[in-house]
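The values are calculated or read from the model by the stated rules, or taken from the named source; none is laboratory data. If you're wondering where the values come from, they're calculated on a predicted model, not measured in any experiment. Here Cβ is always computed from backbone atoms with ideal geometry, including for glycine, and neighbour counts include all displayed protein chains. Ligands, DNA and RNA are excluded from the accessible area calculation, which covers all protein heavy atoms including side chains. Shrake-Rupley method; radii C 1.70, N 1.55, O 1.52, S 1.80 Å.
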Amino acid sequence: MDKHKELPADIHDRDLMAVIAGDRPEYRRRDAMQVLLSRGSEISLPVLRETLLSQDAPPDLRSMAAVMLGRDVSQERVLLDALKVPAEPAVLRRIAQGLGRIGSPEALDAMSKVRLKSGSRASLNVGFARSLISYRHGLGQYLIPRPADADILRFDHKKAVSLAFETLKPAEVKKIMPQINRELPAIKLSEKAAMCFSCLNSQLWLLLNEEMVGKQAKQRATESNAVMAVVLKYDHCPAGWHAFEYIFSNPNRDNTIDIVGLRPSGVITHFGQVRADKKDAVVSLQTVNSPYALPMAFEAIYNTDKVALKVTRAISSTGAAEGQIRPAVPKPA
Amino acid sequence: MASVKSIVNCLGIDTGGTVSVLGDLFGFIRRRVPADPDGTVTARVSVLGQIRGVQQNHIHVNVIRVGFDALADPADLDDEFEKIDYATYRMRNIYAQVNLGVGRVWHYFIPAADADGMDDIASGDEADDLIAKWSVPNVGVDAFVVRNIDGFLGMASGIPGSCDKESKEDGVLAGDIGRGTEGFARTFAHEIGHHLGLEHNHGGRPDCPDTLNGCNNIMAQTRCATSCGGGIRAASLLANGQGSDMRGHCAVRNGCDV
């Protein structure tokens, strides 16, 4: 029954590449690529490029190649070229996600030609990828709209629990910076004013974009759209950090800034505002209705001079709020 | 000795109609004992052993297949079902080492059209989304098996996982069905081990345990099982302390008193 056994741990990279490039069954080529990628071997780049650009390569392999190339800022050109090669929607989605992560403004034009079923998760992913490029570069395009008031979750604060936020020392953040840079290669996050908190049993870190730290911060935040911060989640298995939520900012004319939290899929999960005065910025954030986030209310003061974030109130509901979209139920087999 | 019917009743399975020992008591989709991938070994199950398993602390599991209707070769479906049954069989044997039974194993599916891309997982945030978006409203641990995962083998949303089925940490991404049977089964038991509160028994990459027993523990990462352990099949040990931790989890049911 077992079509294939695990590849031996000591198999050489060159042998893996030969399997991927050869005419072995797809599952075997896929396994070989998985092993090669898990080693993070740079030797894999030519094989990944060739796989992604080949119309004849199996879609799962091309998707895998797109995911990996989309973590390397030097590979934008390959992803752009790949958009010109006919591909399944699943592959296009991965290419677009990669471009969202690493792409320059040039990628926006190329991505405008990607057509996916409207309303599908893939089209949501591609839309988010466009927004991510635009917000990273402050282009003012593909803006995430303010959610309707009715979509902001209200919950019984008496039944809420406090979320404990702690300030992280820059040295602690610096320690994981290489991992963060791999996860977010085109966003420079600051080691200052970083906070950690726990939600259920997950460890989360809130890191500000470097652009939001220092003298230029107020100008950057009030004059153009930006990626203001990123929430990272630590996974024990696989061990490492991944982007859990992006906080985008939309400046208003009245000296306030709307902030929108989005999952990397593109689903909006939080919405709030920043009210700025001379030194301090008062931040508030609430949960937007979706099955992906617990209802919460967050308030903080950001001192731009001292580059210090002080959380004044952070509470979360222990369960879903009334009217919150509940998890879907799979069909019994 | 308790009757099979009383045990099945205790597991919350409707005994009004036909009851299949292999389907209902053991939770095998194919209602047959799965073949052992090592062709020289015959997989065996014991009704008495399973009764004893649920007379002690045990867990229920919801196996949720995601997007299997989009598999490249649907003719392989029976093989894939057998792979899931083998994972159930292995998990039961692995957890039995620490006196933790695996009771009811119910099966669910999410068609590719409903999964809307979540049958193909490429990052931790996508796994989080899958676990948060879908949930079976019962006391079982939700174990999602997807069509494809890129770059990693499985994921636990929280350690320990939550028993609140509306929380965002109430399940695990138990593996992708494209893997080899033995590796898939090991990941399945490993991820549910995380859900029940077990951490890895070593530090992060490149660390591995410094003893052979450690490398052969089910909570060692697969790369350790293959580098310093006896391989994926052998790396299935659990220590008594780990068993205590697992049995203390909120998903663990008291033994059936029948």
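Quick notes on this one:
- Crossing angle, helix A:26-38 versus chain A [Cα axis fit, 0-90 degrees, rounded to tens]: 50 degrees
- About its Cα centre, the dipole of chain A is roughly 440 debye, where the only charges are +1 on Lys and Arg Cβ and -1 on Asp and Glu Cβ.
- Against the main long axis of the alpha-carbon atoms of chain A, helix A:121-137 sits at an angle near 60°.
- For q = 0.11, 0.18, 0.22 Å⁻¹, Debye-computed log10 I/I(0) when each Cα of region A:43-137 counts as one equal scatterer: -0.26, -0.70, -1.04
- Gap separating the Cα centres of region A:58-78 and region A:273-313, nearest whole Å: 36 Å
- Principal-axis tilt of helix A:59-69 within chain A, Cα atoms, nearest 10 degrees: 50 degrees
- For A:Leu189, the residues whose modelled amide H falls within less than 5 Å of its own, excluding neighbours fewer than 5 places apart on the same chain, are A:Glu210.
- Summarising the amide proton neighbourhood of B:Phe109: residues at separation of 5 or more, or on other chains, whose placed amide H is nearer than 5 Å comprise A:Lys331, A:Ala333, B:Arg65.
- Rh by Kirkwood over Cα pairs, then Stokes-Einstein D for region B:1-99 at 0.890 mPa s and 25 °C, µm²/s: 165 µm²/s
- Inter-chain shielding of B:216-226 (mean C-beta neighbours from other protein chains, 10 Å cut-off): 2
- Per-pair calculated FRET efficiency, R0 = 51 Å: B:Asp73 and A:Glu210 via Cβ, rounded to 0.05: 0.60
- Of the residues A:Arg49, A:Arg130, A:Arg14, the one with the largest accessible area comes first in the ranking A:Arg14, A:Arg49, A:Arg130, computed with a 1.4 Å probe on protein heavy atoms.
- Normalising the average separation of contacting C-alpha pairs (under 8 angstrom, six or more residues apart) by the number of residues puts the relative contact order of region A:149-316 at 19 percent.
- Extending 7 Å from the Cα toward the beta-carbon at both A:Ile325 and B:Thr42 defines two label points whose distance is 5.2 nm.
- Computed from backbone phi, the HN-Hα couplings of region A:202-209 come to 9, 9, 10, 10, 9, 10, 7, 5 Hz, rounded to whole numbers (Karplus: 6.51 cos²θ - 1.76 cosθ + 1.60, θ = phi - 60°; Gly and Pro given as x).
- Placing pseudo-labels 7 Å out from each Cα toward the beta carbon at A:Asp280 and A:Thr167 gives an inter-label distance of 1.4 nm.
- Per-residue HN-Hα couplings for region B:88-95 [Karplus 6.51, -1.76, 1.60; θ = phi - 60°; Hz; x = Gly/Pro]: 4, 4, 5, 4, 4, 5, 5, 6
- Residue-level accessible surface for B:Ser135, protein heavy atoms, 1.4 Å, Å²: 10 Å²
- Estimated [θ] at 222 nm from DSSP helical runs (n ≥ 4, -39500 (n - 2.57)) normalised by residues in chain A, nearest 500: -9500 deg cm²/dmol
- Exposure check, 1.4 Å probe, all protein chains in place: A:Val35 carries approximately 40 Å² of accessible surface.
- Relative to the compact-globule estimate of 2.2 N^0.38 Å, the Cα radius of gyration of region A:157-234 comes out at 1.21.
- Cα-Cα pairs of region A:279-333 separated by more than 14 Å (percent): 62 percent
- Within chain B, the ratio Rg/Rh, alpha carbon atoms throughout and Rh by Kirkwood, equals 0.94.
- Look at the dipole of chain A built from charges on Cβ: of A:Ala96, A:Leu52, A:Thr287, the Cα furthest out on the positive end belongs to A:Thr287.
- Across region B:184-194, coupling constants 3J(HN,Hα) worked out from phi with the 6.51/-1.76/1.60 Karplus curve, θ = phi - 60°, read 4, 4, 5, 4, 4, 5, 5, 5, 5, x, 4 Hz, and Gly and Pro carry x.
- Rg [Å, one decimal], Dmax [Å, integer] - region A:149-316, C-alpha atoms: 15.2, 45
- A simple spin-label model places pseudo-atoms 7 Å from Cα toward Cβ; at B:Leu212 and B:Gln97 they are separated by 1.4 nm.
- Under 5 Å between amide hydrogens, built in the peptide plane, is the criterion, and for B:Ile59 it picks out B:Gly101, B:Val102, B:Gly103, B:Arg253 among residues at least 5 positions away or on other chains.
- Diffusion constant of the protein assembly as shown at 25 °C, which comes from Stokes-Einstein with the Kirkwood Cα-pair radius and 0.890 mPa s, µm²/s: 98 µm²/s
- If you run the Gaussian network model on chain B, springs between alpha carbon atoms under 10 Å, then out of B:Asp85, B:Asp120, B:Asp129 the most flexible one is B:Asp129.
- Note that chain A, at 25 °C in a medium of 0.890 mPa s, gets a Stokes-Einstein diffusion coefficient of 114 µm²/s from its Kirkwood radius over C-alpha pairs.
- Counting Cβ atoms of other protein chains within 10 Å of each residue's Cβ and taking the mean over peptide B:148-155 gives 6.
- Our compactness index for region B:125-192, the C-alpha radius of gyration over the empirical 2.2 N^0.38 Å, is 1.04.
- For chain A, relative contact order (Cα pairs under 8 Å, six or more residues apart, normalised by length) works out to 11 percent.
- For A:Arg71, A:Arg220, A:Arg115, the ranking by accessible surface with the largest value first comes to A:Arg115, A:Arg71, A:Arg220, using a 1.4 Å probe.
- Only the Cβ atoms of Lys and Arg (+1) and of Asp and Glu (-1) were treated as charged; on that basis the dipole of region A:149-316 about its Cα centre amounts to roughly 380 debye.
- The heavy atoms of A:Arg101 offer some 50 square angstrom of accessible surface to a 1.4 angstrom probe.
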